[in-house]
Amino acid sequence: MSWMWLIPALPLLGSLLLGVLGRRMPAPWVAAVGTGSVGLSMLLAIAAVWGGSTVTLTLWEWVRVGGFSPSISLTLDALSGVMILVVTGIGFLIHLYSVRFMAGEEGYSRFFAYMNLFVGSMLLLVLAGNLLLLYLGWEGVGLCSYLLIGFWYSDPENGRSARKAFIVTRVGDVALAIGLFLIATNLGTLDIADVARRATASWGPGSTLAVAAAALILGGAVGKSAQLPLQTWLPDAMAGPSPVSALIHAATMVTAGVYLIARTNALFVLAPAVMSATAIIGIAGVLFAGFSALAQTNIKRVLAYSTMSQLGYMFLALGVGAWSGAIFHLVTHAFFKSLLFLAAGVVILAMNHEHDMFSMGGLARKTPYTFAVFLIGALALTALPPTTSGFASKELILSRVWESGGVGRLFWLLGVLGVFVTSAYTFRLVFTVFGGQPHGGSAGHGANGKSGLADGPDGRQAGLIMGAPLAVLAVLCITGGFLDFPRNLGGRPFLTRFLETTLPAWKQVGEMPSGADSVLQVISEVASLLGVPVGWLISRRAVRAAAERRPGELKPAFVRFFLGGMGFDWLYDRAFVRPFLWLWKLDEHDVADRIPDGVGGLSMLLSRVVRLTQNGRVRWYAAGVAVGAVLVIAAAVLL
Amino acid sequence: MNLIYAASAFVAIAATLMVITRRNAVHALLYLVVSLLAVAVIMLLLGAAFVAALEVIIYAGAIMVLFVFVIMLIGPRNDIVSPRAWIGPGILCFILLAELVYVIAGGSTPPLAVKEVPPREVGIALLGPYLIGVEVTAFLLLAGLVGAFHLGRRLATTLGRKGD
Amino acid sequence: MASVPFEYGLVVAAVLFVLGLAGVLARRNLLFILLSVEIMLNAAGLAFIVAGARWGQADGQVMFIFLLSMAAAEVAVGLALILLLYSRRKDLDSDALTMGAGSTDIPGANGAEGGQP
């Protein structure tokens, strides 16, 4: 498999090409390069995974310092195989969608350059056999996230959101870096397989080093995956275009944290305390994000909090040791969340860039195709069969959580509550946007509604290019669950078996009475079903309240509390941002500032003085010559 | 001969001083002519009879006469010179003079007998080693001629109409 | 003929030169400025003669001849310019005629249009 390096290299090359020449290339070429590189990568990824074996390809030695010599090595095993399929597959579909979605935008080639760079970095991240290389990819995706959130840079708000995302994830990145330092200095290597071996050998379970290392890695993961307490950036990241939200903030970058923990499971296994922390963070995120989603008015922010919530499920799974379960949910979440984001993009375009849910309505009739795919995605998200992907993965997690015993039962209960809340906010969204009566003036805009496969009532023909990815994702939403359908319903754990060639197998704690599986499933399904009417009720009340509210009148306090993400932004602003700005103001004119300012001021002063000699008077100039003569002679005479 | 030398030097300097301080242009001109004549005498004493003659003929005779013509054309323009204006130039020139004198007085040449350099020698030098210089000077004079002519043509129309 | 130390001659030339320079710097009228320039040129010529006499060669006189020709050409053109300037601006005061750096108001540049009422 010596061509494995092409998988990340192709998108990176595409990015380079588009970055350098993109401005001068005609748009179809840009689209071809941008989408083609990811497509080719996808084909290579399929071929690589088809091969079946675990391969490590060492490209070259990166650094050699003392005894420490990390190398650029790519590892293909079950875990990275799944990840590259997700990244390239979903990435390709989203790139294809973007060809139409971003058409006509200024910065078209810049967009694809950044997107390709992102895909390349993400592939590096998941294929890395060495933690240092992984960190390189980690930073790369962080950079691309910043670049793409602030894509429409002429609006300073977007820049602010991009900076916020970058800075908050930075906190996590620093923790990860310190963790890497710790591992490198204590274990002498950053090669993932070696780290696992040496840590298991020399660090006992529960030892401080293992706990510290795992905790720091968890810190990094929390930042990247927008879990508590570093979650404040994700809702604001919705300032970027919808394909960006779909690719980066739903399917891939935010799942990098989950991947990281799964990859370094050896360390986490040695630190049970940290695993418990992971589970607690996860379930807290599920509920916190779920309740916040119930109060949102911006369609993309609902989906952002939803992503946060689903990532919480993944963290919960990791925390109880259900490694394969977490990855399975990662895969299905990629399917339905990116579908939801892309469909939301179509809706936003159809409503002329309107993002407020309560200005929409009745779109089920106006955009039936979009409604259909959105509904499929929503059903997958809320784990309601017959769309089975979300159902299968969530059930896997919940049953594992229950089986882990003890406090796991409590987590299971909270998880079921989370299912209910998920269903509620999802159907609140669906009913508000697609149900009811058409709202607002913008719904009436748009010329002919003639369409290809997808609707474009804003006059833009969405056509095949945007409709096809939506269709593919919808199919995946429906069929993806069969990768690992619950055993008691006749499914086979294909994915789990595949992943357990790399990840530790599930250790069952205690006995599971037969039929328990079915009972658990029924309970969670009921919870999910209950959410539907509740969501409908809330939607109706909110729509009416929005219509009756006078401008300037505030919403009830508790609604505002959840709307603002449970006050985290307010807290961080008071606790960190303001003191920092105050310190900065204090230091504004320190020595380091004065030196360049002084140089500038001096130049201006000299300029003003010298300007006086240019006064156009002949005698003055003659005097100048005379003075010069005097000085020269003096110099010649005296020296 | 030292006496004549000193006297001529004194006259030249005094006359020049008068030139630069007069208000009336014609007065200044006349003083300048005097100064030029005194300088011619000095040159004569130094054995350069040929250029002394040239000084009188061309410098005092032609160039100064040009000035006179122009002043007649323009009419007497009296320049206002305030004593205050002399401070800066005075200081500057004094410093320069001091430097020059310092440089000059530094060297010491034994007083030699003055040798008469006849025009013949000058002519041989001009048409021998300095031939190129002569040609270039011819160019220069031609340029001056053409320039003056060109400018003068415009002037003719200008002044002719005004008649001033 | 008793000789004078040649330094005295150079000193005389230096004094004349400096006086001419003072005239250039202190006078405002363009004619006087030009006159002072002539003084300076003459002084330089005298210095040449003194130097030539010191060596007893014709070179000093030759240089003086060149200098004289140059002065003549320069005066001719300079006076023509002064006349043009006067006919356009009616004034020969160099301070009043200051156009400032970068000005493009050249006398005679617009052809024979001066003098129209």
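Hey, can you tell me all the residues within the stretch A:46-70 that are surrounded by 13 or more Cβ atoms within 10 Å (Cβ to Cβ) and over 28 Å from A:Gly89 (Cα atoms)?
Once the filter is applied, which keeps residues that are surrounded by 13 or more Cβ atoms within 10 Å (Cβ to Cβ) and over 28 Å from A:Gly89 (Cα atoms), the stretch A:46-70 yields A:Trp62, A:Phe68, A:Ser69, A:Pro70.
In the stretch A:395-441, how many are assigned to a helix (DSSP H, G or I) and either at pLDDT below 90 or hydrophobic (A, V, I, L, M, F, W, C) (or both)?
Within the stretch A:395-441, residues that are assigned to a helix (DSSP H, G or I) and either at pLDDT below 90 or hydrophobic (A, V, I, L, M, F, W, C) (or both) number 30.
Quick grid of which residues meet (1) outside any strand (DSSP E or B); (2) of a type in the set (A, V, I, L, M, F, W, C):
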| residue | (1), (2) |
| --- | --- |
| A:Val38 | yes, yes |
| A:Met42 | yes, yes |
| A:Ala45 | yes, yes |
| A:Trp50 | yes, yes |
| A:Ser53 | yes, no |
| A:Leu57 | no, yes |
| A:Trp60 | no, yes |
| A:Ser73 | no, no |
| A:Ser80 | yes, no |
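Can you confirm whether the stretch A:525-532 contains a residue that is out of contact with any Ser or Thr (no Cβ under 9 Å at 6 or more places or on another chain) and closer than 24 Å to A:Val430 by Cβ?
yes
So B:Ile95 passes all but one of these: (1) touching a helix residue (DSSP H, G or I) at 6+ places or on another chain (Cβ under 6 Å); (2) within 9 Å of chain C (Cβ to nearest Cβ). Which condition number does it fail?
Going through the list (1) touching a helix residue (DSSP H, G or I) at 6+ places or on another chain (Cβ under 6 Å); (2) within 9 Å of chain C (Cβ to nearest Cβ), B:Ile95 breaks only (2).
Please go through the stretch B:109-126 and give me each residue that is more than 14 Å from B:Ala48 (Cβ to Cβ) and modelled with pLDDT under 85, ordered by number.
Answer for the stretch B:109-126, where residues must be more than 14 Å from B:Ala48 (Cβ to Cβ) and modelled with pLDDT under 85: B:Thr109, B:Pro110, B:Pro111, B:Leu112, B:Ala113.
Which one of these is modelled with pLDDT under 85, small (Gly, Ala, Ser) and closer than 30 Å to C:Leu30 by Cβ: A:Gly567, A:Gly628, A:Gly624, A:Gly616? It would help to see each step written out before you state the result.
Numbers: A:Gly567 fails: closer than 30 Å to C:Leu30 by Cβ; A:Gly628 fails: modelled with pLDDT under 85; A:Gly624 fails: modelled with pLDDT under 85.
Only one candidate qualifies: A:Gly616.
Here is a list of conditions, (1) buried (at least 24 other Cβ atoms within 10 Å of the Cβ); (2) within 7 Å of chain B (Cβ to nearest Cβ); (3) farther than 16 Å from B:Met64 by Cβ, and C:Ala13 meets all of them except one; can you say which number that is?
Just one mismatch for C:Ala13, condition (2).
Among the residues of the stretch B:47-65, is there at least one that is outside any helix (DSSP H, G or I), in contact with a helix residue (DSSP H, G or I) (Cβ under 9 Å, 6 or more places away or on another chain) and within 8 Å of another protein chain (Cβ to nearest Cβ)? Can you show your working first?
Step one: of the stretch B:47-65, the residues outside any helix (DSSP H, G or I) are B:47-48.
Filter again for in contact with a helix residue (DSSP H, G or I) (Cβ under 9 Å, 6 or more places away or on another chain), leaving B:47-48.
Still in the running and within 8 Å of another protein chain (Cβ to nearest Cβ): B:47-48.
There is at least one residue in the stretch B:47-65 that is outside any helix (DSSP H, G or I), in contact with a helix residue (DSSP H, G or I) (Cβ under 9 Å, 6 or more places away or on another chain) and within 8 Å of another protein chain (Cβ to nearest Cβ).
Just name the residue that is nearest to the other protein chains (Cβ to nearest Cβ) out of those in the stretch B:23-42 that are more than 13 Å from the chain's Cα centre (by Cα) and more than 16 Å from C:Val37 (Cβ to Cβ).
Looking at residues that are more than 13 Å from the chain's Cα centre (by Cα) and more than 16 Å from C:Val37 (Cβ to Cβ), I get B:Ile42.
Can you list the helices (runs of 4 or more DSSP H) lying wholly within the stretch A:526-617 that have 2 or more residues being among the charged types (D, E, K, R)? Break it down into steps so the answer makes sense when it comes.
Values: elements: A:557-563, A:568-572, A:578-586, A:591-611.
Filter on the stretch A:526-617 gives A:578-586, A:591-611.
So which residues in the stretch A:201-253 are touching a helix residue (DSSP H, G or I) at 6+ places or on another chain (Cβ under 6 Å) and hydroxyl-bearing (Ser, Thr, Tyr)?
A:Ser225, A:Thr232, A:Ser242, A:Ser245, A:Thr252
Just checking, does the stretch B:127-136 include any residue being at pLDDT 90 or above, surrounded by 12 or more Cβ atoms within 10 Å (Cβ to Cβ) and at the interface with chain C (Cβ under 8 Å from one of its Cβ atoms)?
yes
Please name all residue pairs, on different chains or six or more residues apart, with Cβ atoms under 9 Å, provided the first residue is in the stretch C:71-95 and is at the interface with chain B (Cβ under 7 Å from one of its Cβ atoms) and the second residue is of a type in the set (Gly, Ala, Ser) and outside any helix (DSSP H, G or I).
Filtered contacts from the stretch C:71-95: C:Leu81/C:Gly108; C:Leu84/C:Gly108; C:Leu84/C:Gly114; C:Ser87/C:Gly108; C:Ser87/C:Gly114; C:Ser87/C:Gly115.
If you scan the stretch A:136-166, which residues turn out to be more than 21 Å from A:Gly91 (Cβ to Cβ) and either in a loop (DSSP other than H, G, I, E, B) or among the hydroxyl-bearing types (Ser, Thr, Tyr) (or both)?
Result: A:Trp152, A:Tyr153, A:Ser154, A:Asp155, A:Ser161.
Results for (1) under 21 Å from B:Ile104 (Cα atoms); (2) without any contact (Cβ under 8 Å) to a residue 24 or more places away in the chain; (3) within 14 Å of another protein chain (Cβ to nearest Cβ); (4) of a type in the set (Phe, Trp, Tyr), shown as yes or no for each residue.
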residue: A:Trp584; (1), (2), (3), (4): no, yes, no, yes
residue: A:His589; (1), (2), (3), (4): no, yes, no, no
residue: A:Ile595; (1), (2), (3), (4): no, yes, no, no
residue: A:Gly600; (1), (2), (3), (4): no, yes, no, no
residue: A:Met604; (1), (2), (3), (4): no, yes, no, no
residue: A:Gly628; (1), (2), (3), (4): yes, yes, yes, no
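Considering only the stretch A:456-463, I want to know if a residue exists there that is more than 28 Å from A:Ala383 (Cα to Cα), modelled with pLDDT of 50 or more and under 29 Å from the mean Cα position of the chain (by Cα).
Within the stretch A:456-463, one or more residues are more than 28 Å from A:Ala383 (Cα to Cα), modelled with pLDDT of 50 or more and under 29 Å from the mean Cα position of the chain (by Cα).
Return a yes/no flag: does the stretch C:39-51 have any residue that is more than 20 Å from the chain's Cα centre (by Cα), more than 7 Å from chain B (Cβ to nearest Cβ) and either on the phi > 0 side of the Ramachandran plot or part of a helix (DSSP H, G or I) (or both).
Yes: the stretch C:39-51 contains one or more residues that are more than 20 Å from the chain's Cα centre (by Cα), more than 7 Å from chain B (Cβ to nearest Cβ) and either on the phi > 0 side of the Ramachandran plot or part of a helix (DSSP H, G or I) (or both).
For the stretch A:197-260, which fully contained helices (runs of 4 or more DSSP H) count at least 1 residues that are touching a strand residue (DSSP E or B) at 6+ places or on another chain (Cβ under 9 Å) and buried (at least 22 other Cβ atoms within 10 Å of the Cβ)?
Ranges flagged: A:233-236.
The values are calculated or read from the model by the stated rules, or taken from the named source; none is laboratory data. What you see is a predicted model, and the numbers here were worked out from it, not measured in a lab. Note: ideal-geometry Cβ built from the backbone for every residue, glycine included; neighbour counts use all protein chains shown.
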